[in-house]
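Asks: I'd like to ask you about the structure that follows.
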Amino acid sequence: MLSNYIKSLLVLTLIFALSGCNRVRDNDTIKPLAVGNYWTYDVENHIDGSPDPVNTIEHTIKIEEEIIWDGHTWYGNKRDGAGEYHRNAEEGIYILQFDDDHPDGEAKLLFEYPIKVGTSWTVRSGTYITTTVVEAIDETVTVPAGVFYDCLCCEAIMPDIPDMAMPVRMTSWIKPGVGTVKTEMNGGNWRSFFLLKKYHVK
């Protein structure tokens, strides 16, 4: 049901967190990127407006290694020649991707500072263009891992996803110092919820 592209975007949101009341001030406000950090989610999939999920699976994202690339330290994973890494910087968050088109790696600025309510940005990944907007910075979210206050809420629109009849809308709630605690993805006749179940960050 979920394309690899959508799953990739969820991974990207996990390294984005906000501290303070109205904007990201510097790279000290970013959730630590460290080997061993992980986030486990209950993923509920709904079809045709059903209030009950048609299935629920457990999905874990873990930072498994750090590498040096272009003089900087990056954190992430790489398997079978493909992988994604991230690093925090004063100007924002960078992503480093390895794939068939970029076997030696390609880096780009993913999130640009300062970020506050109403801030929007666009990221291109191959032929995909995703626009994200910060909707709120003080929302309360309840998930299996607990109640999280003062969460950032951002919404991304992902048009032209293969095998999708309409653009996919992804809304994520991110808690400072923790990461993404909830994500809702809506593709028209289906919805998926990623609900944080447990996590470990250094």
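Derivation of every value follows stated rules applied to the coordinates shown; laboratory data play no part. Model, not experiment: these values are computed from the prediction. Positions of Cβ are backbone-derived with ideal geometry, glycine not excepted, and every protein chain shown enters the neighbour counts.
Asks: Please report the projected area of region 32-120's Cα convex hull averaged over all directions, in nm². Working shown, then result.
Replies: Working: hull surface 35.5 nm².
Mean projected area for region 32-120: 8.9 nm², to one decimal.
Asks: Same structure again: Given labels modelled 7 Å from the Cα in the Cβ direction, how far is it in nm from residue 100 to residue 198?
Replies: Going by the 7 Å Cα→Cβ label model, 3.7 nm.
Asks: Kirkwood hydrodynamic radius, computed over distinct alpha-carbon pairs, for region 58-202: how many Å, to one decimal? Could you put the intermediate results ahead of the total?
Replies: Details: mean 1/r = 0.0594 Å⁻¹.
Roughly 16.8 Å, rounded to one decimal.
Asks: To continue, here is another question. Obtain the nm distance between the two label points defined at residue 169 and residue 60 by a simple spin-label model: each point lies 7 Å from its Cα along the Cα-to-C-beta direction.
Replies: Output for this residue pair reads 3.4 nm.
Asks: What does the extension gain come out to for residue 91 and residue 47, with contour length at 0.36 nm per residue minus their alpha carbon separation?
Replies: That pair, residue 91 and residue 47, stretches by 11.8 nm at full extension.
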